[in-house]
Amino acid sequence: QVQLVESGGGLVQPGGSLKLSCVTSGYIFKVNPMGWYRQAPGKERELVASITSLSFGSKTNYAPSVKGRFTISRDDSKNTVDLQMKDLRPEDTGVYYCHLVHLSSFKAKSDYWGQGTQVTVAS
């Protein structure tokens, strides 16, 4: 079983910055990809950003609405993933969830989610 714990959420004014971090625990064989999703009130959960492992080229993928403002990074040695958010807007408000796809030694894939961290952008 893999556990994910997010941190770094909070209240920030429009134009401000926040950095979210996600740490993992439990037995991990391989993880690919890792990423962040968010869910605003009354809306579906959506992908914010994802990143593949170094062995897959550390390829990043961003939602169009955050491209150029958010930066995702990961540490493969620690299986952690961060999300640096700049120029935050009220529409970035929501609960942010860390996500990963775990690949076992038997090549079974499993999705894991963190409990979420609240990000509120308001003046």
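The values are calculated or read from the model by the stated rules, or taken from the named source; none is laboratory data. Fair warning: this is a prediction, and the values are worked out from it, not measured in the lab. In this analysis, Cβ positions are derived from the backbone assuming ideal geometry, glycine residues included, and neighbour counts consider all displayed protein chains. What goes into the accessible areas is simple: the full protein's heavy atoms, side chains included, and nothing from ligands, DNA or RNA. Shrake-Rupley method; radii C 1.70, N 1.55, O 1.52, S 1.80 Å.
Some observations on this one:
- Of all residues in segment 42-53, none that is among the aromatic types (Phe, Trp, Tyr) has its Cβ atom under 7 Å from the Cβ atom of a residue that is assigned to a strand (DSSP E or B) and open to solvent by 50 Å² or more (accessible area, probe 1.4 Å), 6 or more apart or on another chain.
- Segment 86-96: number of residues that are open to solvent by 20 Å² or more (accessible area, probe 1.4 Å) and touching a Lys or Arg at 6+ places or on another chain (Cβ under 6 Å): 2
This table checks each residue for (1) surrounded by 14 or more Cβ atoms within 10 Å (Cβ to Cβ); (2) aromatic (Phe, Trp, Tyr); (3) modelled with pLDDT of 95 or more; (4) in a loop (DSSP other than H, G, I, E, B).
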residue: Asn32; (1), (2), (3), (4): yes, no, no, no
residue: Tyr37; (1), (2), (3), (4): yes, yes, yes, no
residue: Pro41; (1), (2), (3), (4): no, no, no, yes
residue: Lys78; (1), (2), (3), (4): no, no, no, yes
residue: Gln84; (1), (2), (3), (4): yes, no, yes, no
residue: Cys98; (1), (2), (3), (4): yes, no, yes, no
residue: Phe106; (1), (2), (3), (4): no, yes, no, yes
residue: Tyr112; (1), (2), (3), (4): yes, yes, yes, no
residue: Gln118; (1), (2), (3), (4): no, no, yes, no
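- The selection criterion, being in a strand (DSSP E or B), touching a strand residue (DSSP E or B) at 6+ places or on another chain (Cβ under 8 Å), open to solvent by 50 Å² or more (accessible area, probe 1.4 Å) and free of Cβ contacts under 8 Å to residues at least 60 places away in the same chain, holds for Val23.
- Any chance Ser65 is open to solvent by 40 Å² or more (accessible area, probe 1.4 Å), small (Gly, Ala, Ser) and touching a residue at least 24 places away in the same chain (Cβ under 8 Å): yes
- Which numbered condition Gly15 fails, given (1) open to solvent by 80 Å² or more (accessible area, probe 1.4 Å); (2) in contact with an Asp or Glu (Cβ under 7 Å, 6 or more places away or on another chain); (3) assigned to a loop (DSSP other than H, G, I, E, B): (1)
- Residue in segment 67-76 that is in contact with a Ser or Thr (Cβ under 7 Å, 6 or more places away or on another chain) and either under 14 Å from Val121 (Cα atoms) or not in a loop (DSSP other than H, G, I, E, B) (or both) present: yes
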